[in-house]
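The values are calculated or read from the model by the stated rules, or taken from the named source; none is laboratory data. Being a predicted model, the structure only gives us computed values, none of them experimental. Don't worry about glycine lacking a Cβ; one is built from the backbone with ideal geometry, like all the others, and counts go over all protein chains shown. The accessibility values were calculated without ligands, DNA or RNA, using every heavy atom of the protein model including side chains. Shrake-Rupley method; radii C 1.70, N 1.55, O 1.52, S 1.80 Å.
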Amino acid sequence: MAGVNDSRRSPSLPFTVRLKLAAFSLAHRRDGSVRRLLVYLGDLHAAARRRPDAAGVRSVDVTVDASSGLWARVFSPSTTGEAALTLPVVVFFHGGGFVLFSAASLPYDALCRRICSEVGVVVVSVNYRLTPKHRFPAPYDDGVAVLRYLDVNGLPADLGVSVDLSSCFLAGDSAGGNIVHHIAQRWLSTAASSPPVSLRLAGAVLIQPFFGGEERTEEEMSLDKVVPPLSLAITDYYWREFLPEGATRDHPAAHVCGKHVELAEAFPPAMVVIGGFDLLKGWQAKYVETLRWKGKPVRVVEYPNAIHGFDTFPEIADSGELMEEMKLFVQEHSTKRVA
């Protein structure tokens, strides 16, 4: 797992993907910092659409906490052929290093539509607060707030489908994968003192999660500046923006590997997705080892030719295969089998 020889070659990517990656690279300076005007201009948003799209998916925005501006976008299948089904729920957290994107960003709106349609679930995409205005632990607080909201209030009655909150999955890519880990731990650590009403965490899907530490892994060194979209300068910048002032990358928010890591007894089964051309893959492998050492069930899904963020590019074949893997994982761990 997570070998270091992939830097000797380059991944084969569709031309459209290379163009998008080039645009992403332009949004960062050499020191990894973000050119915010370019990000603002390039981060195109999609509006929620109650009318079903070509795949039969519709969406609606739900306010979770008006005082903090926290909201989520809910994606559900149209009622045609789905009215009799009770569907699992996937609470999704987008990537972007805690700095970029939103639940309305085009790539993540499209990804959540695919998850809804191809995995067969209702997706709740969380528009958590971003750094540097909202540093650690704001995204974690927002994630827990969304789970509490769902536990007490459920989902809008006009979705047209019934949902099974006892089959609630957390999912996210990159920084969103980091958030998934911490939300699961926080939620389950407080369950004894504040038992949930109806929500049960059935599983966690961490797609190329953003973890790190002061130590440089072999993979970070060998893949730095070799394959877009990430470099050490960019990841270091993201951590500096997100972690508390003066904190190092060994802060518990970033460094979740090793015997010192605390995991709730009921930490859910995990699916960890690793890409062969992702410079973070060494940390992801260490995370898998930690889960296994702690006796937690974990399924590793590896894509040897995948770059970081491949899931947001439907042009990449591995992205479609990931949808199938997620569907199998959800089927396996749902209280009611997905059709």
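Quick look at the values:
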| item | result |
| --- | --- |
| P(r) histogram, all alpha-carbon pairs of the range 238-311 included - 10 Å bins from 0, percent | 18, 41, 36, 6 |
| Whole-Hz couplings from phi, Karplus 6.51/-1.76/1.60, listed for the range 111-121; x for Gly and Pro | 5, 5, 5, 5, 4, 4, 6, 8, 8, x, 9 |
| Accessible solvent surface per residue of the chain, calculated while the other protein chains remain in place, 1.4 angstrom probe, Å² | 42 |
| Heavy atoms of residue 333 accessible to a 1.4 Å probe, total area in Å² rounded to 10 | 40 |
| Sequence-distant residues sharing a close amide H with residue 28 (under 5 Å, placed H) | 35 |
| Residue pairs, from the table 133/296; 225/259; 225/296; 294/327, whose Cα atoms sit over 28 Å apart | 133/296; 225/259; 225/296 |
| Directionally averaged shadow of the range 119-184, computed from the convex hull of its alpha-carbon atoms, nm² | 5.1 |
| The chain - mean residue ellipticity at 222 nm from DSSP helices (-39,500 (n - 2.57) per run, n ≥ 4, rounded to 500) | -9500 deg cm²/dmol |
| On Cα atoms only, tilt of 281-293 relative to the major axis of the chain in degrees | 60 |
| Using alpha carbons only: equivalent-ellipsoid semi-axes of the range 164-229, gyration tensor based, whole Å | 33, 14, 7 |
| Amide H contacts of residue 90 (H built 1.01 Å from N, under 5 Å, at least 5 apart or other chain) | 122, 123, 124, 169 |
| Cα convex hull volume per residue for the range 38-137 (Å³) | 114 |
| Which of 51, 113, 129, 249 is most accessible, then next, and so on - probe 1.4 Å | 51, 129, 249, 113 |
| Under the Karplus curve 6.51 cos²θ - 1.76 cosθ + 1.60, θ = phi - 60°, whole-Hz ³J(HN,Hα) for the range 151-163, x wherever Gly or Pro sits | 4, 8, 9, x, 10, x, 5, 8, 4, x, 9, 8, 10 |
| Whole-Hz ³J(HN,Hα) from phi, Karplus 6.51 cos²θ - 1.76 cosθ + 1.60, for the range 52-60, glycine and proline x | x, 7, 4, 8, x, 9, 10, 9, 8 |
| Where only C-alpha atoms are counted, convex hull volume of the range 99-225 per residue in Å³ | 151 |
| Surrounding net charge for residue 196, when Lys and Arg each add one and Asp and Glu each subtract one, Cβ distance under 9 Å | +1 |
| Overall dimensions of the range 18-60 by Cα: Rg and Dmax, Å | 15.4, 43 |
| Placed amide H near residue 203: partners under 5 Å, 5+ positions off or other chain | 170 |
| Residue 207 accessible area, 1.4 Å probe, all protein chains in place, Å² to nearest 10 | 0 |
| Spin-label pair residue 35/residue 49, simplified geometry with 7 Å Cα→Cβ offset, distance in nm | 3.1 |
| Two-decimal ratio, the chain, of alpha-carbon radius of gyration to 2.2 N^0.38 Å | 0.93 |
